[in-house]
1. Taking the Cβ of each residue in Cys13, Cys132 as the centre, tally the other Cβ atoms inside 10 Å and list the residues starting with the fewest.
2. Please give me the summed charge of the neighbours of Val44: other residues whose Cβ is under 12 Å from its Cβ, Lys and Arg +1, Asp and Glu -1.
3. Would you tally the net charge around Val157, using a Cβ to Cβ cut-off of less than 14 Å, leaving Val157 out, and scoring K and R as +1, D and E as -1?
4. Nearest 10 degrees is fine. How inclined is helix 77-88 to the longest principal axis of the chain, computing both from alpha carbons?
5. Just how large is the dipole of the chain about the Cα centre, in debye to the nearest 20, putting +1 at every Lys and Arg Cβ and -1 at every Asp and Glu Cβ?
6. Using 0.36 nm times the number of residues separating Met180 and Arg89, minus their current alpha carbon distance, what extension gain do you get?
7. Around Cys13, what is the net charge, scoring Lys/Arg as +1 and Asp/Glu as -1 over all other residues with Cβ under 15 Å from its Cβ?
8. Once you compute Rg and the Kirkwood Rh from C-alpha atoms, what is the Rg to Rh ratio for the stretch 1-97?
Amino acid sequence: MQVQEMIKLSRDCPAVAVPAGQRVMIGEGGEVGLVQALGGSYTVTAEGRMFRIDAKDADALGKEPTPRPELPENASDEEVEKLIWDQMRGCYDPEIPINIVDLGLIYRCEVERNEAGGRSVHIDMTLTAPGCGMGNVIATDVWQRVMEVPTVEEATVEVVFDPPWDASRMTEAARLQTGMF
């Protein structure tokens, strides 16, 4: 991955080492190379290693955080479900510049409305490789983004490996972008 810009962190910043998934702290004043800024999260390099920085820490990089999603009052079930899918399209594997929906990693997304009008969302997702150390990080990102959707009161995200993922699950655009057609 090519560095787009060098950034000096304005404060201590939590990050996740890629691909191990280990949580670390990059100190204030540390220089990082921005290599990917997609969906509000950031992939950076520092000291020869790659890290993912969450959207909520965008300010440490001098970036604006991603705005929270909005829905019109009395939004239909279809509008809510569309926004949930749009939120998941904002989730990226830090090593792949294609969102997880287009990668074909979302196997199931069910939205249920409760009697009070709130919603519960149940998601099954997978990873491109079962041993990926970023699995919990990506699943947490999905959960956080879905929980930002107005009227969503509960969400569960389960990482599954049956059926195994393969490139045929990718959208045509994603296969073209990666050269996997």
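1. Numbers: Cys13 23, Cys132 19.
With the sparsest Cβ surroundings first, the list reads Cys132, Cys13.
2. -1
3. -4
4. Between the helix axis and the principal axis of the chain, the angle is about 20 degrees.
5. 620
6. Details: separation 91, 0.36 × 91 = 32.76 nm, distance 1.97 nm.
Taking Met180 through Arg89 to full extension adds about 30.8 nm, to one decimal.
7. Surrounding charge for Cys13 is 0.
8. Working: Rg = 15.4 Å, Rh = 14.4 Å.
My calculation puts Rg/Rh at 1.06.
Throughout, read-outs are computed from the coordinates displayed, never taken from laboratory work. Predicted model, so just to flag it, every value in this text is computed and none were measured. Every residue, glycine among them, receives a Cβ derived from its backbone with ideal geometry; neighbour counts consider all protein chains shown.
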